[in-house]
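Down below is the structure, laid out as structure tokens.
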Amino acid sequence: MSTSAEISKRIFELLSEDGFRQPSRGIYVKPWTNAWRGWIGVDSGRYSLGPVVGVFNDEFLKASSDALKMSGAPWRYGKNGPPLIMINLQQLAEQDADNRAKISWTYRGKALEPNVADDIVHCIRTCGYPYIQAHTNIEALWRAAVAEGRASPAFVMYVPIFLIKLGQLDTLRQYVAANRERPVSADLSVSYPQYVDAMLKIHGIAPFGS
């Protein structure tokens, strides 16, 4: 077994002890509270790794899929993400002296040692889990995505849900106007206004297009 494979195997074993499962290589998810889920991503590499911590929400994922389906687009309910926000584990670990000393997964000019897995999971447990817990509410997650720049590439699909739940329909109108030409379906058949109108209907609100 290569060192990279050994590291991945050890990370999976340790995170499994905490209730995470691995739906695909390098991705670990766990139900957190209500519809919220913790999301961990760890790439594989011989000389460095870039573990990330994220949060996603089953309700948001289902609403997005339902809106695409209502619009006539190909859809799939992605039960394992992508996350709504992400942050590099290193950025979290650097905030604490003990965790800072365990950042062994960055490039140092030589191949990684197997014990890097234990360092990664230690930091995930001590600073990653609290980060997930702190962002299992709409307001905190919105701040992290918008004010702190932690939005994942998929976040644009969930902006309408956030703004609807935050009661900011005027802001949503402006956002739709700014993204009018953005296609949101895999086959490019659904525009952003169509998608948002479907999302509004799902939440019992008159669509903007009517």
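The values are calculated or read from the model by the stated rules, or taken from the named source; none is laboratory data. Just so it is clear, the model here is predicted, and its values are computed rather than measured. Using ideal geometry, Cβ is built from the backbone for each residue, glycine included, and neighbour counts are taken over all protein chains shown. Just the protein is used for accessible areas: all its heavy atoms, side chains included, with ligands, DNA and RNA removed. Shrake-Rupley method; radii C 1.70, N 1.55, O 1.52, S 1.80 Å.
So here's what we get for this one:
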quantity	calculated
22 Å tail of the calculated P(r), segment 2-90, as % of Cα pairs	35 percent
About the Cα centre, charge dipole magnitude for the chain (Lys/Arg +1, Asp/Glu -1 at Cβ), debye	340 debye
Calculated FRET efficiency for the pair residue 146/residue 21, C-beta based, R₀ 35 Å, to 0.05	0.70
Lysine pair count for the chain [Cα-Cα under 18 Å; pairs on different chains or 8 or more apart]	10
Radius of gyration and maximum dimension Dmax of segment 153-210, Cα, Å	10.6, 31
Segment 101-208 - percent of accessible surface contributed by carbon and sulfur, probe 1.4 Å	50 percent
Segment 95-154 - Rg over Rh from alpha carbon coordinates, Kirkwood radius	1.08
Mean Cβ count within 10 Å, highest first, over the residues of peptides 44-57, 88-101	44-57, 88-101
CD proxy at 222 nm, helix term only [per DSSP H run n ≥ 4: -39500 (n - 2.57); per residue of the chain; nearest 500]	-11500 deg cm²/dmol
Ordering of 166-175, 196-205 by packing [mean C-beta count within 10 Å, highest first]	196-205, 166-175
1.4 Å probe accessible area per residue over the chain, in Å²	50 Å²
Helical segments meeting 20 Å axial Cα length and Kyte-Doolittle -1.0 threshold in the chain (DSSP H)	3-17
